[in-house]
Amino acid sequence: MNDTKWNELRLAMDAIEPSPLWSTLVTNGCRAAKDRDWYYHFRNGGYEDIIPVDIFAEGAEHRERILAAIKQIHLPGEVTDDGFRIYGYAEPGQAIDYL
């Protein structure tokens, strides 16, 4: 994904109340602790090394609002038990759908 799409995601998630928790996995193997600050913390260090970001929904209504925002941006990802996973990179041969 490019910086424009990451920024669109960041602003869309920041606009949801309550802002969803998120956690990233980066290319060096580190996973960030869950955080709710999309406006400042999510963009710290840039987006180049994000493999996926996991977005955690808090109930059915919250999940619906998050999915509606993701669909408007048209992002590569999948639905998970806890919410959503948005991909910055795909593994070779990995098929990814768009939400």
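Checked against the criterion of being in contact with a strand residue (DSSP E or B) (Cβ under 8 Å, 6 or more places away or on another chain) and on the phi > 0 side of the Ramachandran plot, the candidates Gly83, Gly29, Gly93, Gly59 yield just one match: Gly83.
Scanning for something in a helix (DSSP H, G or I) and crowded, with 19+ Cβ neighbours inside 10 Å, does the range 39-52 turn up at least one residue?
No, the range 39-52 has no match at all.
Within the range 53-74, the residues that satisfy the criterion of being more than 15 Å from Lys5 (Cβ to Cβ) and open to solvent by less than 20 Å² (accessible area, probe 1.4 Å) are Asp54, His62, Ile66. Residue-level check: of (1) surrounded by fewer than 16 Cβ atoms within 10 Å (Cβ to Cβ); (2) part of a loop (DSSP other than H, G, I, E, B); (3) modelled with pLDDT of 95 or more, Ile16 misses just (1). Restricting the range 75-89 to residues that are part of a loop (DSSP other than H, G, I, E, B) and open to solvent by 50 Å² or more (accessible area, probe 1.4 Å) leaves a set whose member that is nearest to Lys5 (Cα to Cα) is Tyr89. Within the range 19-38, the residues that satisfy the criterion of being among the charged types (D, E, K, R) and either more than 15 Å from Asp82 (Cβ to Cβ) or open to solvent by 40 Å² or more (accessible area, probe 1.4 Å) (or both) are Arg31, Lys34, Arg36, Asp37.
The values are calculated or read from the model by the stated rules, or taken from the named source; none is laboratory data. Note that the structure is a prediction, hence the values are computed from the model and not measured. So basically every Cβ, Gly included, is an ideal-geometry build from the backbone, and we count neighbours across all protein chains shown. We work out accessible area using only protein heavy atoms, side chains counted, and drop any ligands, DNA or RNA first. Shrake-Rupley method; radii C 1.70, N 1.55, O 1.52, S 1.80 Å.
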